[in-house]
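Enquirer: Structure incoming, see below.
The values are calculated or read from the model by the stated rules, or taken from the named source; none is laboratory data. Everything numeric in this text was worked out from a predicted model, so none of it was measured. Cβ placement follows ideal geometry from the backbone for every residue including glycine, while neighbour counts extend to all protein chains displayed.
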Amino acid sequence: MDKYNKTWEVLHQKDYFKNHKLYNKFETLKPHNVSIYDIKGKCVLDIGAGFGRHMAWFAQFAEFVYGIDVSDKIIKEANVYLTKKKFRNFKIFPVDAYKNFIYNVDYVFCRYVFQHISKTQFKEYILNLKQILNKGGRINFQFRVGTIVNFVKNKEPRTEYTVAEVTKMLNGFTIDNIEYTNNNAHIYILGTKK
């Protein structure tokens, strides 16, 4: 287990996310840069699904929605939330199990995850996505731009990328659009599998 996984384990045990601004309420949230047309009738994968805020939006239009998350506790709560919303076209897996169950995905979405895992873990995700994403399938990723890797005990790990690094790691995808946020701290990358 690397230092990133150990840190996440400690944070979840201490209920670090109990009052976190991204996880402190259940809501349906329309994802930035996603249209109904992108996902209608398709199979969607939400990496780092959390409590299912984006999954609840996807499930209204997609044929099926998969989610993966690092926390078993959050997965249980997301299942309760999405079931109460009366969705049946979804399934959430822990990170270490999803590779055995998810195939033939059309659209992969990810927010606020890649900056919190190691670059080695990110490369593993991309290799796996190249196998499960259908030809012509789309990715919609968010990254934190920078040149440093920070790690502080009992705090969220933060990994920063350069645009060149990200595009190199996304070899095998056509980059359709790169959008910078106002402060240039984050970029959104839309791409299509070749």
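Enquirer: Which one of these is of a type in the set (D, E, K, R), over 22 Å from ILE117 (Cβ atoms) and at pLDDT below 95: LYS76, LYS21, LYS40, LYS25?
Expert: LYS25
Enquirer: Now a separate question. In the range 104-120, which residues are over 13 Å from the mean Cα position of the chain (by Cα) and in a helix (DSSP H, G or I)?
Expert: Within the range 104-120, LYS119, THR120 qualify.
Enquirer: Then there is this: Which one of ILE102, ILE139 is in contact with a Gly (Cβ under 9 Å, 6 or more places away or on another chain), within 30 Å of GLU63 (Cα to Cα) and surrounded by 15 or more Cβ atoms within 10 Å (Cβ to Cβ)?
Expert: ILE139
Enquirer: Restricting attention to the range 60-75, and to residues there that are farther than 18 Å from GLU27 by Cβ and charged (D, E, K, R), which single residue is surrounded by the fewest Cβ atoms within 10 Å (Cβ to Cβ)?
Expert: Taking the candidates together, the pick is ASP72.
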